[in-house]
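What follows is calculated from the coordinates using simple rules that are stated; it is not laboratory data. Small disclaimer: the values here were computed from a predicted structure and weren't measured. Ideal geometry is used to build each Cβ from the backbone, glycine not excepted, and the neighbour counts take in all protein chains shown.
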Amino acid sequence: MYSKEQASKLKQAFWTTFGQYMVSVPSADGLKINWVNYKTNFKYIFFKMDADKRMASIAIEITHPDVDIQALLFEQFYELRNILHHHLEEEWQWHLHTRNDYDKIISRISTEIHDVSVFKQDDWPKLISFFKSRMIALDEFWSTAKYSFEDLK
């Protein structure tokens with residue numbers, strides 16, 4: 001078992017390693033990008049990656065405080081789901097109005113893998129592979145899809 005400080009350092013080391021691994025990968029628009037802290041440039045739309053001692057997940061999170069607007073944003077993603085799934089080459093789970101770890105109502109489109117641990121360096125290649133392909137695919141999708149959200153900004 002790790003102390004909070006040790007766990008924090010290991011997680012930080014993983015994300016630093018992932019960022020270094022991805023630094024030479026340009027965005028779909030050919031720009032330099034911070035893959036770990038991906039910016040959608042929409043206030044309430046985030047691409048989130050997470051890893052802990054049992055699993056890893058990647059998600060599109062919609063966090064607008066007005067649940068009706070949040071639903072509109074979610075519906076817009078749903079209208080684009082075939083394009084999204086085409087880029088991802090897999091289908092993800094869709095959850096309208098779920099609660100996050102802070103008990104805040106969000107909507108989430110996500111996938112995850114189990115039986116991996118960010119605390120085991122032997123699992124890092126599997127985690128990096130999981131995140132890399134999906135973040136690149138999300139970026140390719142977002143490069144064109146973001147324009148569909150302009151009226152909802």
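General remarks:
- Spacing of the two label points (7 Å from each Cα toward its C-beta) at ALA28 and LYS120, in nm: 3.4
- Cα-based shape type of the range 114-153, given that a ≥ b ≥ c are square roots of the gyration tensor eigenvalues and the cut on a/c is 1.5: prolate
- Considering the chain at the alpha-carbon level, its Rg and Dmax are found to be 15.8, 48 Å.
- Summing Cβ point charges (Lys, Arg +1; Asp, Glu -1) relative to the Cα centre of the range 66-153 gives a dipole of roughly 200 debye.
- Look at the alpha carbon pairs under 8 Å that are at least 6 residues apart: their mean separation over the length of the chain gives a relative contact order of 26 percent.
- Given 16 as the ceiling on other Cβ atoms within 10 Å, longest exposed-site-free region of the chain for GluC sites (Glu not before Pro) in DSSP loops: 1-88
- FRET efficiency for the pair GLU90 and SER3, taken as 1/(1 + (r/R0)^6) with r the Cβ-Cβ distance and R0 = 25 Å, rounds to 0.10.
- The alpha carbons of the range 31-99 give a radius of gyration and a Dmax of 13.1, 35 Å, in that order.
- Under 17 Å of direct C-alpha separation, and excluding same-chain neighbours fewer than eight residues apart, LYS9 reaches these aspartates and glutamates: ASP50, ASP52, ASP122, ASP123.
- Placing +1 on the Cβ of every Lys and Arg and -1 on the Cβ of every Asp and Glu, with no other charges, gives the chain a dipole of roughly 620 debye about its Cα centre.
- The range 105-153 and the range 25-63 have their alpha-carbon centroids 6 Å apart.
- Under 14 Å from the Cα of LYS48 - aspartates and glutamates, other chains or at least 8 residues apart: GLU61, ASP101, GLU112, ASP139
- A simple spin-label model places pseudo-atoms 7 Å from Cα toward Cβ; at ASN100 and THR16 they are separated by 2.6 nm.
- Compactness index (Cα Rg / 2.2 N^0.38 Å), the range 66-153: 1.25
- Listed residue (PRO125, ILE58, LEU88) projecting farthest to the positive dipole end of the chain, Cβ model: PRO125
- Difference of contour (0.36 nm per residue) and Cα-Cα distance, GLU150 to ALA71: 26.9 nm
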